[in-house]
Structure formats: C-alpha cells, structure tokens
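The values are calculated or read from the model by the stated rules, or taken from the named source; none is laboratory data. These numbers come from a predicted model, not from an experiment. Here the Cβ is made from the backbone with ideal geometry for all residues, glycine too, and neighbour counts use every protein chain on show. The area values use the complete protein model at the heavy-atom level, side chains included, leaving out ligands, DNA and RNA. Shrake-Rupley method; radii C 1.70, N 1.55, O 1.52, S 1.80 Å.
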Amino acid sequence: MDRLTHPSQVHEWNTRILAGRPPHGKTVVISSGTCGQASGSLGIIEAFADEIAKRGLKDVISVKVTGCHGFCELEPNIIIYPDGIFYKKLEPRQVPSIIDLTLLEDRIIPALVPVDVVNGIKYPFQKDIPFYRKQLRWLTESNFRIDPTSIEDYVAQDGYRAVARVLGGMTAEDVIAEVKASGLRGRGGAGFPTGAKWALCRASVSERKHIICNADEGDPGAYMDRSLLEGNPHSVIEGMIIGAYAIGGTSQGFIYVRKEYPLAVKHLGIALDAAREAGLLGGDILGTGFDFDIRIVQGAGAFVSGEETSLMASIEGRRAFPRQRPPYPTEHGLWGRPTNINNVETWANIPLIIYRGRDWFARTGTEKSKGTKIFSLVGKINNTGLVEVPMGISLREIVFDIGGGIKDGKRFKAVQTGGPSGGCIPAEMMDLPIDYDTLARAGSIVGSGGMIVMDEDTCMVDVARFFLRFTQEESCGKCVPCRVGTRQMEEILTRITEGKGEQGDIERLEKLAKTVKQGSLCGLGQTAPNPVLTTLRYFRSEYEAHIHAKNCPAHVCKALIAYVIEPDKCVGCLLCRKNCPVGAIRGELKKTHIVDQALCIKCGVCFEVCPRKIRAVVRVSARETEKR
Amino acid sequence: MEKILSRFAPAQKELISILHAVQAEYGYIPKEAIAGISRFLRISEGEIFGVLTFYKGFSIEPHGKFLITVCLGTACHVRGGANIAAELERRLMIKAGATTPDRKFTLATVNCLGCCAIGPVVVVNGTYHARVTLKKVEGILAECRDPE
C-alpha cells in the first residue's frame, strides 16, 4: 500500500478496506495465542486450510487466525461468524464435520458446544456464555476480530483513527487534558494517574526524551500483556504514538518485552514494519512533520527488570539494577533523559480514550478507578482465562459468575492478587469491590492483574514460602534489606513448612517484613513481604498449626503429611503399586494395599492415579500415621 | 561471530541484543564470543560476563540435546508444578539447572511462562505440554528418546 500522507487518509483507508470485504460468507476465527498453540491450535488451522483447499471452498469460507480469546480452559477454540458460534477443545479430526454441518448447512454440533459448569446448560453462542456475559471487553474484544499480523484488520476496527484525530488538530495539551480527565491510572500495578505522569514528563526540559512500553510482564500468574501484544499489537503502538506526540521531544520509543514471550515479539515486529510502511511510524507521520519510531528490546530473564529504573538500565545494556528515586524517570530516565514509561495495558487504553472520548471512558468504574481492567483468573478455578471487567466489580462476581466457582466442588479459600508484590484476600472479603484503593486497604494490590484462586487444598504458609522463594531468587542483590531480608524470611518459612518452626517465628517474620518493606531500594523489596503479611493477617491459625501442632491443615507441606490407603475403600487394583516409583506400596490383586512409610518419598503419584470413584489413597497428617 | 556483530552498532545498548543473537546461534555464550564482543563494544570482558550472568536467559554452557523447562509460576505451583519438577529430577537423576552426563537432557525451571491457564506446563525444546501430571512425565521423556 501507499504511505499515508494526511491524517484524513486513515478514514479513507478504513472505508476502502470495509468496502473491499465480502458482505456475506462465513469466517472461522481460530484462537491461537501461546496458550492456544500449546493446546493444539496449529493443528486446527492446518486442518481447516487443507480441507478448504481440497474442497475448493476458498470463496465461501474464510479463516482468520487471531490472538487468544481469553477462555484458555477451552483451548483450542473457534468462533464462527457471523453467528458467533463457539466450539471448544477441538481436534483436527473434527474439522471436516464442522465444515459439512455448521459452515455449509448451518447446523450446530452439540458435542462441540461448551457446557456451563454451574448450571449444566450448553451455550452455542459466544455472547451467551456466562464466562463472557459479565465481562466488559473494551480491549480484548478485538482479539475476536483481528489477525494480529494484518494492519488492515486493525484499521477496519477503527484502528489508528485516534492517531489521525490527534495529529489532525489536537494540541499536546489537549491530549494530556483528555487522558487526565479520563481518570486512567497505570495498569502495571501502582495505579499512578497516567495523564499526570505525561504532564510531568512534558514539563521536563530536555532536547530529547523517550517513551517506553513496559512489557516485562514478570508477575507469575499474569499474562494479559502477552495476550494484548500477541493479539492486538497495533493498539499498543497507536497508544505510544499518541503518547510521544503529547510528551514532545520524543523521537524514539522502546518496547521492552520479556524473552519468554517469543510470539509477542514476532507479532510486534510484524506490526511495527506494517505501521512504518503505512506512514504511521518513522519520519513525517501522516505528512504532519511529526517523527517517531519504536524499537523492540528483549529482556533476558530477570524479574527485577520490570521495575522501571532497572528496565532502563537493561535497555542501556547493563545489569538490571534499580536506582534510588527521586529523581523519577519523568525527569531523569533513559540515558539521563526524561522518560515516560507505561505498561502495555495502559498504552492500549489510550486510543480508546481519544477515539471514544474521556466521558465515555470515565462513565465506567468507581470514583477513583476508571475503565476496565484485565485479570488473569487462574489456579483452582473452573473457568480459567483472561477476563476484562469494569473496575469496581466484586471478587464474588469474578470468581463465581465469570469463573464458574472452584474446581471439583472444593471450598473457596482465598484469591492472591498482584503477584509477589500482592497479597491473599480471604473468602470472607468476597464482596469487596475491586479497585486500586480497596485492594490496598485489604493489604493487597491490583498489581498487574494476576488472580490466583486458592481452595481448601492450598496451604497458605506454602504459598507465602513460594513467593518469598521467588523474590529471594529474583532479588538483584543491590541493597541489603532485600538481598538478606528476603533470604531470612524464606529460611524461616521453609523451616515452618518442614515442621521445624519455633516459638517466636511469627514475630520474627513480622519484624523482618517491616525492615524489608521500609529499607529496600525498589518496589521489588518494598512489596516482597506482602504475601507473608496478608497470610499472617488472615490465616494466622495455619502458621500456628504448622509451628505448634506440626500439622499442615491443607495437607500440602510434604514433611508434615503422609499418604495412606484406606483399607475399606481400596479394591486392590494394583494401579498405585504399579506407578509407585520407589516400590513403597505392597499388596496383591484384589487385596488391600499398604504404603510403606519408611520408603515413601511423598511424590503423590499414588494419590493421582487412584481412580476418582474409589479415592482410597488419602493424604493425612504425618502425626496420624505415627499413631497408627 | 563477525557476521553476528556486523548486524549491530558498536554501542553498549546493543550488548543484550548481541548476547541474544549469539545464544540463538550457538545455544550458549562461548568464551571466545565474550572476547569478540569486548573488542567490538570496547567494554571489558568482566563487565560482559557480569551482565550475562545477571540474566537467567543466558547460559555460558551448552545445554543438552533436549532442554526441558518446567514452569514454577504461581498458577503452576498451586496445581502441583513443584511435584512435576521433582519427578523430572528423580527420573533424570539431575538437579534443576543441570545437564545429564550424556548431554541429552538439560532440566531448567522458569518462574512463569504466562500460560497459567493450562498449567502445570513443561516445555521441551520449544514444544509446550499443557496440564502435565506426574503420570504424563514418563511419556514426555519417552518422546525425547524417539529418533528424530
């Protein structure tokens, strides 16, 4: 295509693309983000391509490969438009019958339709599925419609119209005022008002400035940024172009992506090339004389590089060490120049605010948290996936209405939000409206949006130990409170989970937590104790049980549990005996089996293979076996 | 090596990108490459070594024929990821981070691959295995043993 040389040409391009698309015909949309590919979407794509070619149906059926549709539990899935029929967990062998029945004869195949876990009803249409119904998919809806490798698809969805509007007559001050009035706050975790940050950076006097997109999504359990970059990279690029214009003096932007996201890097690269070719990046953007370009920088596997000052050190080609703030990056950032850094989801919100207006944006949400937020709903929940919800929705609605409740009918215990910097919110606080401020009051944070659901089989001390192991391992070692403090906390927690906890350990943990929080240099250390503090606040009795009774109530901590076979349930099927890696199970066919506790390594294989109907292998407190 | 370096400007900001390129080519960062980068960027070998060992994504040793990565992110953890790692350690008779003496397997762990919904996740040479159970571990290893 030709380079666009005037803002008005974006609209013309959009009209041209829409006019060129066939009004009828069916489109099969295949969800193929990293999760989809891991579940086999590539085989589905191939099967459709082969079958359509073989039967010469190219003009009747089109196939679109998109980023992830969010309902990861049901991958690989497809949606058939125009009707919006949703088919789940497909296998390539099912493709011919989908073409025969659904695409050519308009008949729905009941076996492929998702069944709701709560009410048992089959929902053939995507829009009716309870998982989607309560969501507000401002950012993620495009993942149904856009082939991320096609800039035309993005433009067809009104993409780059916000850039056209900004460059077509808005001043930088107008843009900043618009973002400020929208109430958008940083989606990376801390919730700093985006417009205010831009204004600070604009006010910093310097010949050169930079903007950065932080895509170093390191929080374990959060992957919305990956989904946005894989599924709709142009929305982030468009947001950055607008930001660069508003801040001024910025000819170079960076997107810092973690290396664990190869597909995101690939799609971003394709999108950047296409935007350059269309005259939306590079010199003289849309013929307005405005220059701006973006470079991808890949991380190299260091969690701390998600911290803004560390991230900049990493772009400069150094170790990702954080530094003291202030001065903040808006004054003194990359190579000492004023730098504005926002997270992926924040950037992706910008085109929406400009195109649909600040009032439209600010109508959704709570008083101090506006718009939507994407959460990744994972752990012991039925409907795992990415959910985009209005700010202010309650935890109960997310976990039960959207998430379909807890797996295997277990009891809901807590939700961990905000990753290693966040905390555990107990089941009693289910009706809390989710926004930056209420979560902070509960001792946690919105953070990047990970929501890990925990049930009665999750040990909260083990979870705290898990996070401390994580932060201890990822601590860069520059400052003492974080380097040594997290280590000490991890050691105490490990001791407790091994049944070696002592009187006074809880107090020691609390004291250390305070020191690490107050004394650490950067956000990593300052927030590292949160998982311990919130679990102590809400689940103190579990700590006490580990320390005093040497008992793990959830039967997780290996040193405190034992696997035993209940004689009245065991049917003697030999399954556990065959699978036991150390030969610790004795018993003959149709006779009750016994676990030899002296040989058992507590790997849990027997528990896993024992048929669900029988459930003869159970986990008990190790003390109980001593009694037996 | 010359060919790799010719794609970059001789500036420190390129260091991490260069290291990525070298690792993509050789599978690890050979000693000679560090010397080459040092001459090219005019920074000391010590500093380059410091940077590359800071980041977990770089290795100074070649890994085995099959690189098995177990995700230990939170979602995988609550679904038993640590048990999967322990089982692999037991079967391969190496600790996470090590390579088997026959250089066939390297076992690595990662703190989140961002596909939490399908955890526990194990990646073998770039192929993702979803919802791994202790029982599936044997099959995953068996696949590696098949002739290519």
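Listing for the model above:
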read-out: Test: residue in the stretch B:115-125 that is more than 7 Å from chain A (Cβ to nearest Cβ), closer than 15 Å to A:Gln37 by Cβ and surrounded by fewer than 18 Cβ atoms within 10 Å (Cβ to Cβ); value: yes
read-out: Flag if B:Glu14 is within 14 Å of the chain's Cα centre (by Cα) and either open to solvent by 10 Å² or more (accessible area, probe 1.4 Å) or modelled with pLDDT of 95 or more (or both); value: no
read-out: A:Thr458 vs. criteria free of Cβ contacts under 8 Å to residues at least 40 places away in the same chain, of a type in the set (S, T, N, Q), surrounded by fewer than 24 Cβ atoms within 10 Å (Cβ to Cβ) and within 14 Å of chain B (Cβ to nearest Cβ); value: no
read-out: Positions within the stretch A:315-336 being more than 23 Å from A:Ile242 (Cα to Cα), touching a residue at least 60 places away in the same chain (Cβ under 8 Å) and within 14 Å of chain B (Cβ to nearest Cβ), in sequence order; value: A:Arg319, A:Ala320, A:Phe321, A:Pro322
read-out: Every residue from the stretch B:109-134 that is among the small types (Gly, Ala, Ser) and in a loop (DSSP other than H, G, I, E, B); value: B:Gly114, B:Gly119, B:Gly126, B:Ala130
read-out: Residue within the stretch A:495-510 that is closer than 29 Å to A:Arg226 by Cβ, touching an Asp or Glu at 6+ places or on another chain (Cβ under 9 Å) and open to solvent by less than 10 Å² (accessible area, probe 1.4 Å) present; value: no
read-out: Yes/no for B:Arg145 being open to solvent by 50 Å² or more (accessible area, probe 1.4 Å) and within 12 Å of chain A (Cβ to nearest Cβ); value: no
read-out: Near pairs, Cβ below 6 angstrom, 6+ apart or cross-chain, from the stretch B:1-29 (under 17 Å from A:Arg319 (Cα atoms) and within 14 Å of chain A (Cβ to nearest Cβ)) to any residue that is surrounded by fewer than 19 Cβ atoms within 10 Å (Cβ to Cβ) and of a type in the set (A, V, I, L, M); value: B:Ile29/B:Ile60
read-out: Flag for A:Val257 being open to solvent by less than 10 Å² (accessible area, probe 1.4 Å) and either closer than 21 Å to A:Ile315 by Cα or in contact (Cβ under 8 Å) with a residue 40 or more places away in the chain (or both); value: yes
read-out: Count - residues of the stretch A:606-628 that are farther than 13 Å from A:Ile565 by Cβ, assigned to a helix (DSSP H, G or I) and within 14 Å of chain B (Cβ to nearest Cβ); value: 1
read-out: Selection count where residues are part of a strand (DSSP E or B), touching a helix residue (DSSP H, G or I) at 6+ places or on another chain (Cβ under 6 Å) and more than 8 Å from chain B (Cβ to nearest Cβ), scope the stretch A:373-385; value: 1
read-out: Residues located in the stretch A:579-596, provided they are in contact (Cβ under 8 Å) with a residue 12 or more places away in the chain and open to solvent by 70 Å² or more (accessible area, probe 1.4 Å); value: A:Glu588, A:Leu589, A:Lys590, A:Lys591, A:Ile594
read-out: Filtered residue count, the stretch A:446-457, keeping only those that are within 24 Å of A:Glu367 (Cα to Cα) and either in contact with a helix residue (DSSP H, G or I) (Cβ under 6 Å, 6 or more places away or on another chain) or of a type in the set (Ser, Thr, Tyr) (or both); value: 5
read-out: Residue, surrounded by the fewest Cβ atoms within 10 Å (Cβ to Cβ), within the stretch B:40-71, restricted to residues that are more than 8 Å from chain A (Cβ to nearest Cβ) and within 17 Å of A:Phe470 (Cβ to Cβ); value: B:Thr69
read-out: Single residue of the stretch A:145-179 satisfying the filter (within 30 Å of A:Val29 (Cα to Cα) and small (Gly, Ala, Ser)) that is farthest from the chain's Cα centre (by Cα); value: A:Ala164
read-out: Residues located in the stretch A:537-574, provided they are out of contact with any Lys or Arg (no Cβ under 9 Å at 6 or more places or on another chain), assigned to a helix (DSSP H, G or I) and surrounded by fewer than 19 Cβ atoms within 10 Å (Cβ to Cβ); value: A:Arg537, A:Arg540, A:Ser541, A:Glu544, A:His548
read-out: A:Gly84 vs. criteria on the phi > 0 side of the Ramachandran plot, open to solvent by less than 20 Å² (accessible area, probe 1.4 Å) and under 22 Å from the mean Cα position of the chain (by Cα); value: no
read-out: Considering residues of the stretch A:576-602 that are in contact with a helix residue (DSSP H, G or I) (Cβ under 7 Å, 6 or more places away or on another chain) and within 13 Å of chain B (Cβ to nearest Cβ) only, the residue nearest to A:Tyr563 (Cα to Cα); value: A:Lys602
read-out: Top-ranked residue of the stretch A:278-295 - restricted to ones that are open to solvent by less than 40 Å² (accessible area, probe 1.4 Å) and of a type in the set (Val, Ile, Thr), ranked as farthest from the chain's Cα centre (by Cα); value: A:Ile285
read-out: The listed residue being among the hydroxyl-bearing types (Ser, Thr, Tyr), under 29 Å from A:Gly306 (Cα atoms), within 14 Å of chain B (Cβ to nearest Cβ) and under 31 Å from the mean Cα position of the chain (by Cα), out of A:Thr527, A:Thr471; value: A:Thr471
read-out: Among the candidates A:Gln298, A:Gln252, residue that is more than 10 Å from chain B (Cβ to nearest Cβ), open to solvent by 10 Å² or more (accessible area, probe 1.4 Å) and touching a His at 6+ places or on another chain (Cβ under 8 Å); value: A:Gln252
read-out: Selection count where residues are more than 30 Å from A:Arg323 (Cα to Cα) and in a helix (DSSP H, G or I), scope the stretch A:492-534; value: 7
read-out: Residue match in the stretch A:218-234 (condition: away from chain B (no Cβ under 14 Å) and farther than 24 Å from A:Phe303 by Cβ); value: yes
read-out: Test: A:Tyr223 is of a type in the set (Phe, Trp, Tyr) and open to solvent by 10 Å² or more (accessible area, probe 1.4 Å); value: no
read-out: Only listed residue being within 10 Å of another protein chain (Cβ to nearest Cβ) and among the small types (Gly, Ala, Ser), chosen from B:Ala85, B:Ala75; value: B:Ala75
read-out: Residue in the stretch B:100-108 that is outside any loop (DSSP other than H, G, I, E, B), within 12 Å of another protein chain (Cβ to nearest Cβ) and touching a Pro at 6+ places or on another chain (Cβ under 8 Å) present; value: no
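Residues are listed down the side, and each one gets a yes or a no for (1) touching a Gly at 6+ places or on another chain (Cβ under 9 Å); (2) open to solvent by 60 Å² or more (accessible area, probe 1.4 Å); (3) touching a residue at least 60 places away in the same chain (Cβ under 8 Å):
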position	(1), (2), (3)
A:Pro110	no, yes, no
A:Gln126	yes, no, no
A:Ile129	no, no, no
A:Tyr132	yes, no, yes
A:Thr149	no, yes, yes
A:Glu178	yes, no, yes
A:Cys201	yes, no, yes
A:His210	yes, no, yes
